[in-house]
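The structure appears right after this line, and notes come after that.
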Amino acid sequence: MFDALKTLHAEKCGENIPDLFEKNPQRASAFSVRFETLLFDYSKTRITEEVREGLIELCEEQDVAGRRAAMFGGGLINETEQRAVLHTALRDPDGPDLLVDGEDVRAPLRHTLERMEDLARRVRSGALAGPGGAFTDVVNIGIGGSDLGPVMATLALAPYHDGPRCHFVSNVDGAHIHDILQRLDPKTTLVIVASKTFTTVETMTNAATARRWVEAGGGAAARQFLALSTSEEETAAFGIPPEHVFGFEDWVGGRYSVWGPIGLSLMLAVGPEHFRDFLAGGKSMDDHFRTAPWEQNMPAMLALTGIWHHQVCGCPTRAVLPYDQRLRRLPAYLQQLEMESNGKSVAMDGTPLPYNSGPVVWGEPGTNGQHAFYQLLHQGTTVVPAEFLVAAKGHEPELDQHHQLLVVNCLAQSEALMRGRSLEEACALMKAAGYEGAELDRQARHRVFPGNRPSTTLIYPQLTPYVLGQIIALYEHRVFVEGVILGINSFDQWGVELGKELANSLLPLLRGEGSADGKDGSTQALLKFVQDAQ
Ligand code: F6P
């Protein structure tokens, strides 16, 4: 499928990105997409008009438009689980009726959102309180999509916080819950157990520990626990009354769930109005994704840039580099979104994928990363396409100087990756520093930057709830388009199951119940090491 583009890539491999700007002075705008206040610039890549046409053809060949219509319309596009994929409905609660299995999903979804808002208002005003008074703290217990979305968004929107402090416990490592609970008052802490299935072992273990902590500390678990889940039976079995349960349907995938009840901690932190703005931002990106022609379609062009770098140029990873400290969990969030969605080895019909699945996604906020791994980005032998994100304006006008430094660093990095520094330029520098002969040459070679390294930049005016909603929906649709082009199911995650099963089989062995004979030598030795140390 990528052969024509690969040929094009091979033919043009001598081409330099800076030369493309020389050839086309309009390149920056010709290879950018604007949507509302957002600008996505992919001009610092080797994508040319010919390449773009070839990439857009992939959308046609793979019927991205058809799959998109099926997704928004409630079709069962998650074929291995026979489920619709309708997280987009969560951010469009007032849209027209939408039928799944012959039932309208919009009205119940609106009802749940209104219940969440009512609860958030009561908690934030102190009308709903713990035995020690108004809730000062909220602990969200969840993992994967039941953690990463809320934690990423809550950190991102810190300037809007005017509700209780929010904390997030995910890891089954007791250190996590211990270190958080020890700072809190069990009589004024609201505990949210967030789990789509309500069976995830990490979450249920942490939830049981939190309940013991509340009860031992004079709290009232019945009043202080909320559940966010698709399973009424499981939440009831845990002892959470129905009025404290906020349900959702199985057509909301875990990693797409921050827009609904799983986002309750975010709503408690920033308030229902800001949460609605977050939804509205997501919906605006949905509308754009559904209607804009491919060339001006931001999610599609972000996806096609990804396909170009990973499938055609052969770059195995991509770095997400937010120059925005409050987006520090965005790379982790995107790791789940992208790698759990598109890290598959078979096509929808079960046949082996004839090309690579989605790339490894990683990253850290700038400028911190500059003082850590950027060395490899600039001079390492592997090319890592970099995806920069930056706000034109910060939230701290009194610290404007910081923001200016942040922005120029972001722009400088993409410029440096593209331009590089030739041996000639490095020699001139070394000569000016007093070097001569062989030593000048040796020193200069260490200071050469190959350049021609691709990057994209997403600029937004300021990280508001609305803009955050747009950014998250942008990435969701990017993953969707890449998945459709690859012909895989982006909405299941069978690859997480085997490890869970094996952990279940190992627990009795660790406790000395049963024989480890069936295990391989390494696993037996590791088990024995732990048992001996206990
Ligand atoms: O193990 C992977 C996974 O199923 C993710 O897809 C999901 O987001 C996470 O676990 C948590 O699942 P749950 O919300 O059901 O606890």
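When a/c is below 1.5 the answer is rounded, else prolate if a/b is larger than b/c, else oblate, so apply that to the stretch 430-534 with a ≥ b ≥ c taken from the square roots of the Cα gyration tensor eigenvalues.
Taking the square roots of the gyration eigenvalues as a ≥ b ≥ c, the stretch 430-534 is oblate.
Which peptide among 322-331, 10-19, 66-75 comes first, and what is the full order, when sorted by highest mean count of other Cβ atoms within 10 Å?
322-331, 66-75, 10-19
Keeping every protein chain present and rolling a 1.4 Å probe, give me the accessible area per residue for the stretch 351-467 in Å².
53 Å²
With the other protein chains left in place, how much accessible area per residue, in square angstrom, belongs to the stretch 159-318 at a 1.4 angstrom probe?
Numbers: 5680 Å² over 160 residues.
With all protein chains present, the stretch 159-318 gives 35 Å² per residue.
Only bridges with both residues in the chain count here: give the DSSP antiparallel percent, nearest 5.
Just about 30 percent of them are antiparallel.
I need the peptides 299-310, 109-120 ranked by packing, meaning the mean over residues of other C-beta atoms within 10 angstrom, with the highest value on top. Write out the running numbers ahead of the final one.
Working: 299-310: 24.8, 109-120: 17.5.
Result, highest mean first: 299-310, 109-120.
With the cut-off at 1.5 for a/c, could you classify the stretch 260-388 from its C-alpha gyration tensor as rounded, prolate or oblate? Mind dumping the intermediate values first?
Working: a/c = 1.81, a/b = 1.23, b/c = 1.47.
Oblate shape, in that a/c is at least 1.5 and b/c is the bigger or equal ratio.
What does the accessible area per residue of the stretch 1-150 come to in Å², with a 1.4 Å probe and no ligands, DNA or RNA counted?
Details: 6800 Å² over 150 residues.
Here the per-residue accessible area is 45 Å².
Ignoring ligands, DNA and RNA, what percent of the accessible area of the stretch 1-67 is carbon or sulfur (1.4 Å)?
The value for the stretch 1-67 is 46 percent carbon and sulfur by accessible area.
For the stretch 73-134, give the percent of accessible area contributed by carbon and sulfur heavy atoms, probe 1.4 Å, rounded to a whole number.
46 percent
Could you tell me what percent of the accessible area of the stretch 239-376 is made up of carbon and sulfur, with a 1.4 Å probe and every protein chain present?
That fraction is 52 percent.
In deg cm²/dmol and to the nearest 500, what is the mean residue ellipticity at 222 nm of the chain if only DSSP H runs of at least 4 residues count, each as -39500 (n - 2.57), divided by the residue total? The partial results should precede the final answer.
Values: 23 runs with 247 residues, N = 534.
So the helix-based figure for the chain works out to -14000 deg cm²/dmol.
Please work out whether the chain counts as rounded, prolate or oblate from its C-alpha gyration tensor, where a ≥ b ≥ c are the square roots of the eigenvalues and a/c under 1.5 means rounded, while otherwise a/b larger than b/c means prolate and anything else oblate?
Numbers: a/c = 1.59, a/b = 1.49, b/c = 1.07.
Note, shape of the chain comes out prolate.
Using θ = phi - 60° and the Karplus curve 6.51 cos²θ - 1.76 cosθ + 1.60, what whole-Hz ³J(HN,Hα) does each residue of the stretch 82-99 get, with Gly and Pro shown as x?
Per residue, the Karplus-derived 3J(HN,Hα) values read 6, 10, 6, 10, 10, 4, 4, 5, 4, 9, 9, x, 9, x, x, 3, 9, 9 Hz.
Return the sequence-ordered ³J(HN,Hα) values of the stretch 356-366 in whole Hz as given by the Karplus equation 6.51 cos²θ - 1.76 cosθ + 1.60 applied to θ = phi - 60°, using x for Gly and Pro.
Per residue, the Karplus-derived 3J(HN,Hα) values read 5, 7, x, x, 6, 10, 8, x, 8, x, x Hz.
Set the bar at 29 Å for Cα to Cα. Now go through Lys344/Lys519; Lys23/Lys283; Lys500/Lys528; Lys23/Lys344 and name every pair that lies beyond it. Provide the component values of the computation, followed by the final result.
Numbers: Lys344/Lys519 27 Å; Lys23/Lys283 38 Å; Lys500/Lys528 20 Å; Lys23/Lys344 40 Å.
The answer is Lys23/Lys283; Lys23/Lys344.
Anything in the chain that counts as a DSSP H helix reaching 30 Å or more along its axis (C-alpha) with Kyte-Doolittle mean of at least 1.0? List them, would you?
Within the chain the helices that satisfy the rule are 465-486.
What ranking, highest mean first, results for peptides 152-164, 386-398, 252-264 when packing means the other Cβ atoms within 10 Å averaged over each residue?
252-264, 152-164, 386-398
The values are calculated or read from the model by the stated rules, or taken from the named source; none is laboratory data. All figures in this text were calculated on a predicted structure; none of them were measured in a lab. Counting neighbours? That spans all protein chains shown, and the Cβs are built from the backbone with ideal geometry, glycine included. Ligands, DNA and RNA are stripped out before the accessible areas are found, and what is left, the full protein with its side chains, is counted by its heavy atoms. Shrake-Rupley method; radii C 1.70, N 1.55, O 1.52, S 1.80 Å.
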